[in-house]
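Take a look at the structure below.
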Amino acid sequence: LLNEALADDVLILSLAPHHPPALQHRAQMLYALGHTAQALAQIDALLRLSEANATAHALRGDILARMNRAADAVVSYQQAVALGLSTAVLHNNFGLAHLNAGQLTDALAQFERAAALDPKLTQAAYNRAQTLCALKRFDEAVQTFDAIRSAGQDYPYLVGNAFAAQLQCCDWTDYDQKAAQIAQAVAAGARADTPFNFLLHSFSPELQLQAARTFISAEAPPAEKRIVPASPRPPQGKIRLAYLSADFNNHATALLAAGLFESHDRARFETVGLSFSTDDGSAMYRRMLSAFDRFVDVRAMADRDIAQLMAEMNINIAIDLKGHAAHSRPGIFSYRAADLQAHYLGYPGTTGAPYIDYLLADHHLIPPAERAHYVEKIVTLAGTYQVNDATRPAPAPHADRQAGRHAARQAHGLPATGFVFCSFNGSLKINPAIFDVWMRLLKKVAGSVLWVLADNPLAEANLRREAVRRNITPERIIFARRMAFADHMARHAAADLFLDTAPCNAHTTASDALWCDLPIVTYSTRTFAGRVCGSLLHAAGLPELVTTSLEDYEALALNLATTPARLAALKAKLTAHRTTSAVFDLNRHRRTIEAAYVAMWERHQRGEPPTDMVIDEPTRPRS
């Protein structure tokens, strides 16, 4: 019917090329069919004839928003409002444009205006809550989420997002009950939680797969028609890789993988960075601009247009560095525009997407017993899956760090003496069971303190309150303020032992600690997200620090805190093997991952479908 209506518009415009209603209707039809560039051309033609058309400006904002041109959409919505148009839907869309442009305060104001005009518009209230989360006003976000539910309204992922906001401020009210309710809803196929939020409190790889599949089915199903690469690549040519991410800036993904992008063997590979990242003005963003053979900012392009660009570039292997993490765009991959598509590094789990061929992992991350819970074919890399940049600043010599230990402790508000347990994971990874262990350790180790990241004031207040409930004085929890990366790395020297979280482990924070010779005790669960730290410890030659139960985790941490000689030996081992272990040997990792790409591509050229494969040695793939 849309195409028939479009044909009617064409007929009218052939007779009256400047007929405003037909121009506007044609733009609406093109927009509804997903032809955003053509829709924009039509609406611009209309506005040249009728500049004061508020509805046309609003539609132009909708079109630009779909094209990911958020800043331009803001301008169009502003013009529509200035011309007197004011509806709840308009202000909601205006708020989304502000939100996607990073203008959080303005976004909040627009959502509040939309809700005032139509209190029943669930989307406006939901978007307001999401914006409050972005502003770290988590308590207000929880209240807004709860108000939506109390009014009998619903919205996809509402329950999970409300729980995530609660966890951000370490409010564990009804923790077990809410986690169980979300798990039950996910098992039933409901859109109760986003895959990313769910892995933060789920111990079940089966349910994490279900959450991912449900999300993909609803938000980014396979496109009806594949976008085919322009022409086959010659067998003898370089393998053309495209890395796609929203994190080619001052983000953990870039901090880990920058050296990999820069050091790829240019005799065998051609690399493209397709970036939907924000230009945050950081040195890392500038570094990314030259890390690839070609870097393309695709923020303002629709998913289909990015897929079309990949096809025109003849991309052999497209690597999704986001998965289901924040600002991901799985819709790009739904068109299968590259010969092969793989997922790596940015999200610790299965995508649940039938159009992602491979998932790069390692021997520890996905045990054979859990293989069935991943839809991708698994590429098992030697060592650890996590790459680390070789340009990290080297820690000060051990003797210097020991000599400056007292001053460092004083500078960070730590006691001059006594054992320092630390955990620099985000607050939403902490849960009651883990915190119970930490508080028991403080009771058993006289004079000890717990040093955790200061995520937000609400989390600090709640953690102090939870400590008191467990008969620990709140002063024994010290909060580490956010600071520049180099300063953060340096302060690891003031800690004695890193305590990991579960079911979602330390990831980049774990490799940071190991680089600084700080041992970590981890609890490996059944999920990918709950086994990353164990992967790193195995690769660092310290498998003895990996436990498989909370009881063993607590016992090992207590033993290390009360056996100085054993702890010192572990630190010395980290120091001796820092640059040669599989964790930090960038060239070894590069060769391994390149061998994986070659193995994938050679199978494809032979006409063989993707399959599980093990990369035992950098140059010896086995499938």
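Among the residues of the range 411-451, those identified as in a helix (DSSP H, G or I) and of a type in the set (Phe, Trp, Tyr) are Phe435, Trp438. Within the range 177-201, the residues that satisfy the criterion of being closer than 15 Å to Pro432 by Cβ and touching a residue at least 60 places away in the same chain (Cβ under 8 Å) are Leu200, His201. Considering Gln130, Gln153, Gln184, the condition of being open to solvent by 20 Å² or more (accessible area, probe 1.4 Å), over 23 Å from the mean Cα position of the chain (by Cα) and closer than 30 Å to His373 by Cβ is satisfied by Gln184 alone. Residues considered: Ala37, Ala58, Ala101, Ala124. Of these, the only one that is farther than 30 Å from Ala147 by Cβ and small (Gly, Ala, Ser) is Ala37.
Annotation: of all residues in the range 456-506 being in contact with a strand residue (DSSP E or B) (Cβ under 9 Å, 6 or more places away or on another chain), open to solvent by 10 Å² or more (accessible area, probe 1.4 Å) and part of a loop (DSSP other than H, G, I, E, B), the one that is farthest from Asn197 (Cα to Cα) is Asp496.
His201 meets all of the listed conditions (1) under 15 Å from Val159 (Cβ atoms); (2) not in a loop (DSSP other than H, G, I, E, B) but one, namely (2). Taking the criterion of being farther than 21 Å from Ala493 by Cα and either touching a helix residue (DSSP H, G or I) at 6+ places or on another chain (Cβ under 9 Å) or not in a helix (DSSP H, G or I) (or both), the residues of the range 574-597 that qualify are Ala582, Asp585, Leu586, Asn587, His589, Arg590, Ile593. Scoring Thr580 on the criteria (1) of a type outside the set (A, V, I, L, M); (2) surrounded by fewer than 17 Cβ atoms within 10 Å (Cβ to Cβ); (3) under 25 Å from Val420 (Cβ atoms) leaves a single failure, condition (3). Within the range 251-291, track down each residue that is among the polar types (S, T, N, Q) and in contact with a Phe, Trp or Tyr (Cβ under 9 Å, 6 or more places away or on another chain). Residues satisfying the conditions are Thr271, Ser275, Ser277, Thr278. Scanning the range 122-162 for residues that are part of a helix (DSSP H, G or I) and in contact (Cβ under 8 Å) with a residue 40 or more places away in the chain yields Phe138, Asp139. Might you let me know whether the range 388-406 holds any residue that is of a type outside the set (D, E, K, R), within 30 Å of Asn197 (Cβ to Cβ) and modelled with pLDDT of 95 or more? Yes, some residue in the range 388-406 is of a type outside the set (D, E, K, R), within 30 Å of Asn197 (Cβ to Cβ) and modelled with pLDDT of 95 or more. Every listed requirement among (1) at pLDDT 95 or above; (2) out of contact with any Asp or Glu (no Cβ under 9 Å at 6 or more places or on another chain) is met by Leu132 save one, (2).
Remark: Ala568 matches the filter, which requires a residue to be over 30 Å from Arg266 (Cα atoms) and open to solvent by 10 Å² or more (accessible area, probe 1.4 Å).
Among all positions in the range 528-548, there is at least one residue which is open to solvent by less than 10 Å² (accessible area, probe 1.4 Å), over 18 Å from Val437 (Cβ atoms), in contact (Cβ under 8 Å) with a residue 60 or more places away in the chain and in contact with a helix residue (DSSP H, G or I) (Cβ under 6 Å, 6 or more places away or on another chain). Within the range 606-623, the residues that satisfy the criterion of being at pLDDT below 95 and of a type in the set (S, T, N, Q) are Thr619, Ser623. None of Pro221, Pro205, Pro156 is of a type outside the set (S, T, N, Q), under 30 Å from Leu309 (Cβ atoms) and in contact with a Lys or Arg (Cβ under 7 Å, 6 or more places away or on another chain) except Pro156.
The values are calculated or read from the model by the stated rules, or taken from the named source; none is laboratory data. Here the structure is a predicted model, which is why all the values come from computation and not from measurement. Positions of Cβ are generated from backbone atoms using ideal geometry, with glycine treated the same way; all protein chains shown enter the neighbour counts. Accessible surface areas use protein heavy atoms only, side chains included; no ligands, DNA or RNA. Shrake-Rupley method; radii C 1.70, N 1.55, O 1.52, S 1.80 Å.
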